[in-house]
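Here the structure comes first, spelled out in structure tokens, and everything after it is commentary.
The values are calculated or read from the model by the stated rules, or taken from the named source; none is laboratory data. What you see is a predicted model, and the numbers here were worked out from it, not measured in a lab. Cβ: placed from backbone, ideal geometry, glycine included. Neighbour counts: every protein chain shown.
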Ligand code: ADP
Ligand code: ASP
Ligand code: MG
């Protein structure tokens, strides 16, 4: 007998028929003699629908209220699955984040899990219930509802698996594993049998939304065996594992893209010590994450500073920078939402040179202009015009020999 955590994403619980399919899978795992804890997302499209309604009322809705609003999506699916399982003759109990004692900090809309007590989950399991927990949500020290950022149900699942010391955490989704690129835009993408935690961390942070980055951090830190697999087939999925010597042989494991960032440029900024801090500190104080930053020097002791922020924070960041530009005497603030970031990722890069030049020449051969570049030990990212995203992903997939099975 094992303790198994199963997470089902939005498409997998998109309607009653699909919830019935999920119930069938969960019941089978239970019938095999296992304890089962299920984590669910909201029905696909529901979180967006709720956010859209709030944004119709006002441009910057209060984040505490947003969390109260969007957490309702998961409340619907957990109760419907519980009712379905009960109608099939199983004992089932649904729980919201606060009932499962998922304690987070108070950063509404992007809270981090601090602790999970899970005593009630354990109690329900001891009574032989199938336990169904609402993903994406928690509660802060004051008792306010929080949510964990888009895609946060993955993190709920892995964190609960860690806290229960589960034997397995299966992430069921609408693709049958982790691929060398998003299979929905690159038809030649191949399914990986295994991927290292570090590669998956980079891929998740660079836009491969198949797993939320925090879920991979939890999995690595607490040694949770995570498998990504399909809700709709019996195919074996992809295991996320520790790196081994064989992985070093593959220079690039995958190509990712991210269309969710925008860039902001402050031009003709007086070039003096402390200026970058003056420009970027208020952005951090507003809880907005800055990803890439570049600074170009101009003649006449002037500089241009460009950085990227999530598209969802673009308007707020522009408002902040317009005020700063006035204060520090910058000539203008220009924003551009039509950008995308394409990246190549692989632990093998540590021991291979020439990856960057291969990437740049592949993009150049397709006449794709590079707007910004950043690198780490195991990845290279380029910001390009958004309209070239799909072409760039396919071009890099071919250039790094990912089209052919290894
Ligand atoms: P869920 O609702 O189940 O959480 P998501 O939409 O969040 O599902 O994540 C699954 C999606 O991730 C896939 O449909 C696919 O388009 C996308 N994706 C991006 N990169 C990859 C990748 N490298 N491998 C597999 N899927 C990927
Ligand atoms: N429902 C949330 C979202 O759409 C959380 C999740 O699906 O993981 O982002
Ligand atoms: Mg997801």
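When you look at residue 161, is it more than 16 Å from the chain's Cα centre (by Cα), surrounded by fewer than 23 Cβ atoms within 10 Å (Cβ to Cβ) and at pLDDT 95 or above, yes or no?
No.
Among the listed residues 226, 241, 175, 216, which satisfies the condition of being more than 10 Å from ligand 1 (Cβ to nearest atom) and more than 23 Å from residue 137 (Cα to Cα)?
Going through 226, 241, 175, 216 in turn, just one is more than 10 Å from ligand 1 (Cβ to nearest atom) and more than 23 Å from residue 137 (Cα to Cα): 241.
Going through 325, 331 one at a time, which residue ends up being touching a strand residue (DSSP E or B) at 6+ places or on another chain (Cβ under 8 Å), more than 24 Å from residue 204 (Cα to Cα) and surrounded by 17 or more Cβ atoms within 10 Å (Cβ to Cβ)?
Just a single option satisfies the conditions, and that option is 325.
Take segment 198-213 and flag every residue that is within 16 Å of ligand 2 (Cβ to nearest atom) and outside any helix (DSSP H, G or I).
Passing the criteria: 207, 208, 209, 210, 211, 212.
For residue 279, only one of the following conditions fails: (1) closer than 30 Å to residue 2 by Cα; (2) more than 9 Å from ligand 1 (Cβ to nearest atom). What is its number?
(1)
Give the residues of segment 159-174 that are more than 20 Å from residue 214 (Cβ to Cβ) and within 16 Å of ligand 2 (Cβ to nearest atom), sorted by residue number.
174
Examine segment 278-298 for a residue that is over 19 Å from residue 112 (Cβ atoms), modelled with pLDDT under 95 and surrounded by 18 or more Cβ atoms within 10 Å (Cβ to Cβ), and state whether such a residue exists.
Checking segment 278-298: at least one residue is over 19 Å from residue 112 (Cβ atoms), modelled with pLDDT under 95 and surrounded by 18 or more Cβ atoms within 10 Å (Cβ to Cβ).
Give segment 145-159 a look and list any residue that's touching a helix residue (DSSP H, G or I) at 6+ places or on another chain (Cβ under 7 Å) and within 14 Å of residue 114 (Cβ to Cβ), or say none.
Hits for segment 145-159 are 146, 148, 155, 159.
Would you check if there is a residue in segment 129-150 being closer than 30 Å to residue 395 by Cβ and within 16 Å of ligand 3 (Cβ to nearest atom)?
Scanning segment 129-150, I find at least one residue that is closer than 30 Å to residue 395 by Cβ and within 16 Å of ligand 3 (Cβ to nearest atom), so the answer is yes.
Test residue 358 against the stated conditions and say whether it is farther than 30 Å from residue 66 by Cα and more than 26 Å from the chain's Cα centre (by Cα).
yes
Any idea which residue in segment 200-222 is surrounded by the fewest Cβ atoms within 10 Å (Cβ to Cβ), counting only those that are free of Cβ contacts under 8 Å to residues at least 60 places away in the same chain and away from ligand 3 (no atom under 14 Å from the Cβ)?
Ranking the qualifying residues of segment 200-222, first place goes to 221.
Residue 199 passes all but one of (1) more than 16 Å from ligand 1 (Cβ to nearest atom); (2) at pLDDT below 95; which number fails?
For residue 199, the failing item is (1).
Which count do you get for residues in segment 175-186 that are more than 16 Å from ligand 2 (Cβ to nearest atom) and free of Cβ contacts under 8 Å to residues at least 60 places away in the same chain?
Here the count works out to 2.
Write out, first by first residue and then by second, each pair whose Cβ atoms fall under 6 Å of each other, whose residues are 6+ apart or on separate chains, and whose first residue, in segment 5-25, is under 13 Å from residue 154 (Cα atoms) while the second is part of a loop (DSSP other than H, G, I, E, B) and more than 15 Å from ligand 1 (Cβ to nearest atom).
5/166
Every residue in segment 13-59 that is surrounded by 19 or more Cβ atoms within 10 Å (Cβ to Cβ) and near ligand 2 (Cβ under 10 Å from one of its atoms), please.
Matches in segment 13-59: 13, 39, 40, 41, 42, 43, 46, 47.
Being within 26 Å of residue 34 (Cβ to Cβ), in contact with a helix residue (DSSP H, G or I) (Cβ under 9 Å, 6 or more places away or on another chain) and more than 12 Å from ligand 3 (Cβ to nearest atom) is the filter here; which residues of segment 168-191 pass it?
Passing the criteria: 168, 169, 170, 178.
Would you mind listing the helices (runs of 4 or more DSSP H) fully within segment 14-73 where at least 1 residues are more than 19 Å from residue 139 (Cβ to Cβ)? Give the steps one after another, and end with the answer.
Numbers: elements: 16-31, 46-57, 63-70.
Here the list reads 16-31, 46-57.
Here are some residues: 226, 216, 251, 240. Which one is more than 16 Å from ligand 2 (Cβ to nearest atom) and under 18 Å from the mean Cα position of the chain (by Cα)?
Exactly one of 226, 216, 251, 240 is more than 16 Å from ligand 2 (Cβ to nearest atom) and under 18 Å from the mean Cα position of the chain (by Cα), namely 240.
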